[in-house]
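One structure is given below, encoded as structure tokens.
Derivation of every value follows stated rules applied to the coordinates shown; laboratory data play no part. Values in this document were obtained by computation on a predicted structure and should not be read as measured data. When we count neighbours, we look across all protein chains shown, and the Cβ atoms used for this are built from the backbone with ideal geometry, even at glycine.
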Amino acid sequence: MSGRITLSVIKADVGSIAGHHMVHPDQLAAATKVLAEAKQKGTLIDFYVTHVGDDLQLIMTHSKGPDHPDIHGLAWETFKAAAKVARDLKLYAAGQDLLSEAFSGNVRGLGPGVAELEMEERPSEPVITFHADKTEPGAFNLPLFRVFADPFNTAGLVIDPKMHDGFVFEIYDVYEGKSVLMRAPEEIYDILALIGTTGRYIIRRVYRKSDNLLAAVVSVERLNLIAGRYIGKDDPVAIVRAQHGLPALGEILEAFAFPHLVAGWMRGSHYGPLMPVPLRHAKVTRFDGPPRLIALGWNISRGRLIGPVDLFDDVAFDESRKLAQFITDYMRRHGPFMPHRLGPEEMEYTTLPDVLAKLKDRFIKSEDAYKVVKRHSETS
Ligand code: F6R
Ligand code: MG
Ligand code: MG
């Protein structure tokens, strides 16, 4: 057993009450029971169970390292227990993200989203876990770029000697399954050229350049690609370490004060604002949204999870929420039109192929269409 601690955040939508709305308390209880037993047995050092919208969130610490079959197997068993509750209660979409019956050592590729950060605990180890519903991993691109590369967001990049060298971004191409390591500030224009395409190039990890300390991790699973078809938006999670030569807690949260437009929302097919909310508002109601984000603050102490503190439960974010609601109204008024509705290649639901098939023989040259109508009006 190494002295290193791993924080594993693994999430899945295994059913929810009254639609794709929120996890039922009995599911939280079932998940807590499984993880409490694992803690008793020593598989976990500590854990916390919560939800955002219809996604069940398992926050776990252990000393087994990332991608460990014991931990992934435990998460899988936990999701199965919560899915069983969903089936018993006839909750909606029971077991949705458990795409395969057979677990083979790792939940990656099976449906759940995973962010794992292995660390040598610092003398004090402040960490934030972010959990989003009704959006995709690329939703973290803009705020994480601002946290780790934008001096107008993060004062420490300019005035903290320990951060002044900058950070290294691992950017993952979800289509090719390949990553590129890029340095900020030297390559920020090239970084932005990639990560502005949020559906493809995702910030997966961020390292401090001076000592390669791993500062942030994002889940990059894309359920649509996993299943060969669109099963649901991926409702990502992220882990970000804070303070003492890393962005301060407030520099990290500051980037989320702007409720930027993200893909997801109703039927995984619309752009809407990412609204930062406290836990009590971690449910999606309006047009199945708007997309929501919670932020939980922790200290990790010899693997124990001290916390959480509900970081967006603060009047300082009221104006962000108000703006998000204003944007919600504005975007909704576009109804089925882009850019509220996603482009055809990104939509989770579409009837376009059927409509086009139906109209296949009715597409004619515009001049001929004109003549047809003219002929009609002359004969009637
Ligand atoms: C989006 C989401 C919901 C559903 C919508 C329709 O990620 O989960 O917006 O897409 O509620 O769901 P079904 O087709 O299951 O009725
Ligand atoms: Mg759902
Ligand atoms: Mg969800």
Exercise for the section: Please give the helix 366-379 orientation as an angle from the longest Cα principal axis of the chain, in degrees from 0 to 90, rounded to the nearest 10. Expected result: 40
Fill in the blank from the handout: Compactness summary of the stretch 10-90: radius of gyration and Dmax from Cα atoms, Å, are 12.3, 38
Practice task
Only bridges with both residues in the stretch 185-322 count here: give the DSSP antiparallel percent, nearest 5.
Solution key: 90
Fill in the blank from the handout: Expressed as a whole-number percentage, the relative contact order of the chain with C-alpha contacts under 8 angstrom and at least six residues apart is 17
Handout entry: Under Karplus coefficients 6.51, -1.76 and 1.60, residue-wise ³J(HN,Hα) of the stretch 132-148 in Hz, glycine/proline x
Key = 10, 10, 6, 7, 10, x, x, 4, 7, 4, 5, x, 5, 4, 5, 4, 9
Practice task
Please give the helix 25-41 orientation as an angle from the longest Cα principal axis of the chain, in degrees from 0 to 90, rounded to the nearest 10.
Solution key: 30
Completion exercise
In nanometres, the difference between 0.36 nm per residue of separation and the alpha-carbon distance of Asp314 and His334 is 4.1 nm
Fill in the blank from the handout: Per the 1/(1 + (r/R0)^6) rule, R0 = 22 Å and r from the Cβ atoms of Arg302 and Asn106, FRET efficiency to 0.05 is 0.25
Practice task
With all distinct Cα pairs included, what does the Kirkwood hydrodynamic radius of the chain come out to in Å, to one decimal, could you say?
Solution key: 21.8
Problem - Charge dipole (debye, nearest 20) of the stretch 237-380; +1 at Cβ of Lys and Arg, -1 at Cβ of Asp and Glu - result: 420
Practice task
Sort 45-54, 62-71, 181-190, 79-88 for me by packing, meaning the mean count of neighbouring Cβ atoms within 10 Å per residue, highest on top.
Solution key: 45-54, 79-88, 62-71, 181-190
Fill in the blank from the handout: Sorted by chain and number, the residues with a modelled amide H under 5 Å from that of Val52, at a separation of 5 or more or across chains, are Gln57
Problem - Pairwise label distance in nanometres, Glu176 with Arg286, each label 7 Å out on the Cα-Cβ vector - result: 4.0
Practice task
Could you work out the equivalent-ellipsoid semi-axes for the stretch 50-113, taking the square root of 5 times each eigenvalue of the Cα gyration tensor, largest first, in whole Å?
Solution key: 21, 13, 10
Exercise for the section: Between Ile128, Ile159, Ile191, find the one with the highest GNM mean-square fluctuation for the chain; connect C-alpha pairs within less than 10 Å. Expected result: Ile159
Exercise for the section: For Leu213, list long-range residues whose amide hydrogen, built 1.01 Å from N in the peptide plane, is under 5 Å from its own amide hydrogen. Expected result: Arg208
Fill in the blank from the handout: The extension gain from Asp88 to Phe258, computed as 0.36 nm times the residue separation minus the Cα-Cα distance, is 57.2 nm
Problem - HN-Hα J in Hz across the stretch 240-251 - Karplus 6.51, -1.76, 1.60, θ = phi - 60°, x for Gly and Pro - result: 10, 8, 10, 6, 6, x, 10, x, 5, 3, x, 6
Problem - Where only alpha carbons of the stretch 103-162 are counted, the Rg and the Dmax (Å) - result: 15.9, 48
Practice task
Specify which residue in the list His62, Met331, Ala263 is farthest towards the positive end of the charge dipole of the chain, using unit charges on the beta carbon of Lys, Arg (+1) and Asp, Glu (-1), about the Cα centre.
Solution key: Met331
Problem - Convex hull projection area averaged over all views, the stretch 1-148, Cα basis, nm² - result: 9.4
Handout entry: the stretch 159-213: radius of gyration over Cα atoms, expressed as a fraction of 2.2 N^0.38 Å
Key = 1.17
Practice task
Using only the Cα atoms of the stretch 302-378, construct the convex hull and provide its projected area averaged over every direction, in square nanometres to one decimal.
Solution key: 11.2
Handout entry: Using θ = phi - 60° and Karplus 6.51 cos²θ - 1.76 cosθ + 1.60, couplings along the stretch 332-340 (whole Hz; Gly, Pro as x)
Key = 4, 5, 7, x, x, 9, 5, x, 5
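Just order 131-142, 214-225 by mean Cβ neighbour count inside 10 Å, highest at the front, would you?
Order by mean packing, descending: 131-142, 214-225.
Which trypsin sites (Lys or Arg not before Pro) in the stretch 280-380 pass both tests, a DSSP loop state and at most 10 other beta-carbon atoms within 10 Å?
Numbers: sites: Arg280, Lys283, Arg286, Arg292, Arg302, Arg304, Arg321, Lys322, Arg332, Arg333, Arg341, Lys358, Lys360, Arg362, Lys365, Lys371, Lys374, Arg375; in loops: Lys283, Arg286, Arg302, Arg333, Lys365.
Those that pass, being in a loop and sparsely packed, are Arg333, Lys365.
Can you pull a Stokes-Einstein diffusion coefficient for the stretch 224-380 at 4 °C (1.567 mPa s), Rh from Kirkwood over Cα pairs, as a whole number of µm²/s?
Taking Rh from Cα pairs, D becomes 67 µm²/s.
So for the chain: antiparallel DSSP bridges make up what percent, rounded to the nearest 5?
Numbers: 68 of 70 bridges.
For the chain, the DSSP antiparallel bridge percentage is about 95.
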